[in-house]
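The values are calculated or read from the model by the stated rules, or taken from the named source; none is laboratory data. Model, not experiment: these values are computed from the prediction. Methodologically, a virtual Cβ is constructed for each residue, glycine included, from the backbone with ideal geometry; neighbour enumeration extends over all protein chains shown.
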Amino acid sequence: MLLVRLDKNIPECWSLYPTFEQRIVTFAERYTKCVPIDLLRETNQRRWVTTPLACGYWLFLEKGGIAVGHLLSYVAGDEFGRPFVEFYQLECDSGYSMISILPKLGRDFMDWIHSVNQAYERQGNPYRVTHGFLSTWHERAAYARFINISGLKFTEQRRVLVTAFDSYTDKTEHSVELESTSNEGIAEPKH
């Protein structure tokens, strides 16, 4: 299996981008019903064209150039402006295994992070990418193994809960009054 990081500055990558985009759309349609597909496309295209160094977009290619997996990751910033990597999607098609390419993916990934941090240094930015977050719609333990096999360090687990607010959009049906409490100023519903 061949591993290709999509870089807009490499002409051959332009012909691979539509395949990558279709994979991330298919993934979103299958697992993340709350993601607006048009915005997913637009956001990732814009990021790839305007800030290519911030993109950790990889395709896993089988013989003949057939895409059988992908990684959608990118550099984002937290609420304090510190950069981190968001591992947004990671998938390999049924019948194929990522295990053999994970060590190379880990090395390529760290080379990418090194390039990002060098760019921050050249810009005089005091921050560096030092960590990443992976939330998964699949078995958490499997992804922890993948991270360890890749040579990256898996340091902690958190739970991510997705909360839908659709049923609360009609205020006449679901109004909730809040009253202030002594819990650090957090308001709680009145009963």
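Summary table below
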item	result
Top-ranked residue of the stretch 134-149 - restricted to ones that are in a loop (DSSP other than H, G, I, E, B) and touching a helix residue (DSSP H, G or I) at 6+ places or on another chain (Cβ under 9 Å), ranked as surrounded by the fewest Cβ atoms within 10 Å (Cβ to Cβ)	His138
Total residues in the stretch 62-88, condition in contact (Cβ under 8 Å) with a residue 60 or more places away in the chain and among the aliphatic types (A, V, I, L, M)	1
Residues within the stretch 8-35 that are touching a helix residue (DSSP H, G or I) at 6+ places or on another chain (Cβ under 8 Å), touching a residue at least 40 places away in the same chain (Cβ under 8 Å) and either surrounded by fewer than 16 Cβ atoms within 10 Å (Cβ to Cβ) or basic (Lys, Arg) (or both), tallied	2
Single residue of the stretch 21-35 satisfying the filter (within 14 Å of the chain's Cα centre (by Cα) and in a loop (DSSP other than H, G, I, E, B)) that is modelled with the highest pLDDT	Val35
Some residue of the stretch 7-18 being assigned to a helix (DSSP H, G or I), closer than 15 Å to Trp112 by Cβ and modelled with pLDDT of 95 or more	yes
Residue tally, condition in contact (Cβ under 8 Å) with a residue 40 or more places away in the chain, within 23 Å of Glu91 (Cα to Cα) and of a type in the set (Lys, Arg), over the stretch 121-153	0
